[in-house]
Amino acid sequence: MDGWRTDIDDREILRVGGGLTPYFAFIGSLLLFVTLASSFYVQTESRTGDATPAPYDLLLCLTMALYFAFGLKFPRKLLALAVLWGLFLLGYGFSGIGAPFIERVSNFLLVSVYLVASTLFFAALVAANPARNLSIIWWAYVMAAFIAAALGVGAYFGLVPNGEGLLLYSRVKSTFNDPNVFGPFLVAPILFLVFRLSMSSSKWDLMLIPLLGVLFLAILLSFSRGAWGNLIASGGVFLFFTWKTASSARQITRLTFAVIAIIALGACVVTWALSSSVVSELFEQRFSLTQSYDVSADSGRFAVQELALQTVLTNPLGIGPSQWAKIAPADPHNVYLNIFLAGGWLSGFAFVGMIVMTLYLGVRSVFVSTGIQGLQIIAVATFVGHVGEAFIIDIDNWRHVYLLIGLIWGGIAVAEVARRAPEPLSVGRANLCRDGFAI
């Protein structure tokens, strides 16, 4: 099989030393897989309504601590990302000093620091050994998505005992707090499986088709307009990049036929689901571009966004983290407005700068021929969809978004080594962290 690969072999792609102790390789890989696989459960609201850490959060903190203790370092290419995130957090810190509800600030800052650290960790992990670590991360992510999707679909059709807790207003939320978070979580695994099926020549990979069908059905039953639009946008970007970077007519032909087959599979799943009157009625209701809560005069999404914009313009230092919910009728459901509100212009522009730089360097990296080119395309395409969805929902506390950013920046670091190398094979022995900085 020629072209992009998902069955990565250390000998066939860039291998960049991360300074990790060899004895830690097996236990570290196992811990990383278990951590990512546990991300299927992030239902973190306790019975009292307070947010609590998910098992994934505790495992990830342990994983990060062990990897850094055993020698993981940051490549220099991540310095710009670290600086932008630092300014982002600094803005939150400044705005929180005079916040009226100061008790809400410390917890918000702690969670934000943890999420930022996770992005830098995943980026360093990919740069240290893209072959092994990307393979572990992606297959663990697919497993987590399938478990969550299977539980959600099973609960929807009454196949899971006491499965009512996996639904919200007749919508599948599975093991997440909200269907609008659950749906977008499935986008990247769907693209990964589509890509794998389109490039594989193994008959065993046909077993992935039922998994893909379950993910399609789950994202449909989430009835999340944002997730549907996210999947369509991400899928379009994914197809554009894969066709543009194809190195042979055979690749283009295989991808085209695979896409046609996947579209047919998706159509069959949607048709079967809509044969239920309950599903079809809710689908018709949710397919509307606007809902009543969008256009309400006082607390509708658009009215609140207008009020939030006025507040941003008159409060350049921000009003402090987690303050808006206490002084306004509703959230603006726009992550960019939310960050400008909470952290002021410093956090807002740092976040927008991070988004722009990630998109610019990420798109550049997908056109660099490396063994991880296909996986980089998936990460960048999915991130594009999330950037668009961020205009209608808050994504700044979604764990998988920080994973995607980390994967993209790790791929950027690998592409930079490949771009500077005098010949392709020599970069296999390069050391990104040789000229890097350690934290």
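The table for this structure:
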quantity	calculated
Residue-level accessible surface for Ile392, protein heavy atoms, 1.4 Å, Å²	80
Per residue accessible area in Å² of the range 325-376, where ligands, DNA and RNA are left out and the probe is 1.4 Å	37
Chain lengthening between Ile260 and Ile327 when straightened (0.36 nm per residue, less Cα-Cα)	19.1 nm
Ranked order, Trp228, Trp243, Trp409 - accessible area, probe 1.4 Å, largest first	Trp243, Trp228, Trp409
Additional length obtainable on full extension of the chain from Thr52 to Ile102, 0.36 nm per residue less Cα span	16.1 nm
Stokes-Einstein D (µm²/s) once Rh is taken as the Kirkwood radius of the range 148-230 over alpha-carbon pairs, at 37 °C in 0.692 mPa s	252
Label-point separation in nm, Asn177 to Cys61, each point 7 Å along Cα→Cβ	1.7
Kirkwood Rh, Cα atoms: Rg over Rh of the range 342-422	1.02
Met357-Arg420 FRET efficiency (beta carbon distance; Förster radius 25 Å; 0.05 resolution)	0.85
Where a label projected 7 Å from the Cα of Trp345 along Cα→Cβ would reach, residues of the range 91-118 with amide N under 19 Å	91-98
Spatially proximal lysines relative to Lys173 (Cα-Cα < 30 Å; intrachain offsets below 8 disregarded)	Lys326
FRET efficiency, Leu159 to Leu79 (Cβ-Cβ, R0 60 Å, nearest 0.05)	0.75
Accessible area of the range 370-419 belonging to carbon and sulfur atoms, whole % at 1.4 Å probe	59
Distance in nm between pseudo-label sites at Leu206 and Ala69 (7 Å out along the Cβ direction from Cα)	4.8
For the range 117-158, Kirkwood radius (reciprocal of mean inverse C-alpha pair distance, Å)	11.9
Distribution of pairwise C-alpha distances over the range 133-278, 5 Å bins, in %	2, 10, 18, 22, 20, 14, 8, 4, 2, 1, 0
Of all accessible heavy-atom area on the range 58-154, the percent that carbon and sulfur account for (1.4 Å)	78
Projected area, mean over directions - the range 142-188, Cα convex hull, nm²	3.0
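The values are calculated or read from the model by the stated rules, or taken from the named source; none is laboratory data. All figures in this text were calculated on a predicted structure; none of them were measured in a lab. Using ideal geometry, Cβ is built from the backbone for each residue, glycine included, and neighbour counts are taken over all protein chains shown. Heads up: the accessible areas ignore ligands, DNA and RNA and are worked out on the full protein's heavy atoms, side chains in. Shrake-Rupley method; radii C 1.70, N 1.55, O 1.52, S 1.80 Å.
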